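The values are calculated or read from the model by the stated rules, or taken from the named source; none is laboratory data. Since this is a predicted model, take the numbers as computed values, not measurements. When we count neighbours, we look across all protein chains shown, and the Cβ atoms used for this are built from the backbone with ideal geometry, even at glycine.
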Amino acid sequence: MIKLQIIMVALLAISLSCGNGDSDVGSQSETGSETEASSSLDLFLDDNGFESVNSMNETDETPLQLALNTENFAAAAILLENGANDEELFTLDTSRVGLFEVGINESDIPEIAAAYGNVTLEEVDLMLEGMSAPAVEITFPGEPSAGIVLEIEPDGPGNVYRIKVLSDRFRTVDGIGVSSTVADIREFFDFQEVYWGEGGNPFIFIEEIEAKSAER
């Protein structure tokens with residue numbers, strides 16, 4: 001069962017400078033970093049047959065989709081800093097929240113999170129039902145608390161088995177997410193009833209996220 005609850009992600013451009021007290025050197029370093037990023041962007045686009053950051057190649061992929069599908073998160077970060085459509089970062093379905101998929105290993109989380117900019121990662125123990133429940137909380141820039149909680153299998157190789165999200169920015173292709181009403185959800189998905197979880201929190205179990213979407 002994947003239980004999705006949901007926080008807002010802010011994308012930050014990353015700039016580098018040399019803090020040695022010499023403003024000219026710092027400025028030159030920053031300019032050099034921007035030039036290097038620009039060159040990397042142009043090289044990625046040219047090598048893969050793209051005309052711009054939001055164009056399509058011969059296989060109908062955008063540059064960002066290609067970067068994410070090949071797990072080139074460094075290229076994804078540069079594309080986002082240069083105006084690529086970030087919709088892919090906030091797509092919600094039964095197996096993933098944005099770039100975070102059920103089944104990834106906890107060792108992969110920092111690299112994936114880097115595509116979102118300057119986020120904070122914290123390893124925590126949620127202690128669910130009195131049992132140890134390791135997780136990684138991700139706090140995004142401008143948010144006061146964790147936005148995504150990646151729950152890790154307590155016994156095993158450290159894979160993510162459940163994702164909780166606290167932001168209504170993450171949405172399904174039909175626009176369903178946190179703040180959607182039961183009526184909104186019923187319009188697109190089949191489910192039996194509303195269940196009550198730990199702490200008295202209600203939740204709905206959806207087995208197939210495209211159950212009714214595919215019929216439209």
Open item on the list: of a type in the set (Gly, Ala, Ser), on the phi > 0 side of the Ramachandran plot, at pLDDT 65 or above and in the same structural domain as PHE191 (by TED's automatic domain parsing): is that true of GLY49 in this structure?
Closed with: no
Task: Residue in the stretch 84-112 that is modelled with the lowest pLDDT, counting only those that are loosely packed, with under 14 Cβ neighbours inside 10 Å and touching a strand residue (DSSP E or B) at 6+ places or on another chain (Cβ under 8 Å) - done: SER95
Open item on the list: Suppose the filter is assigned by TED's automatic domain parsing to the domain that holds PHE205, outside any loop (DSSP other than H, G, I, E, B) and surrounded by 12 or more Cβ atoms within 10 Å (Cβ to Cβ); does ALA115 pass it?
Closed with: yes
Open item on the list: Being outside the structural domain of GLU137 (by TED's automatic domain parsing), at pLDDT below 85 and closer than 30 Å to LEU166 by Cβ is true for just one of GLU30, GLU36, GLU71. Which residue is that?
Closed with: GLU71
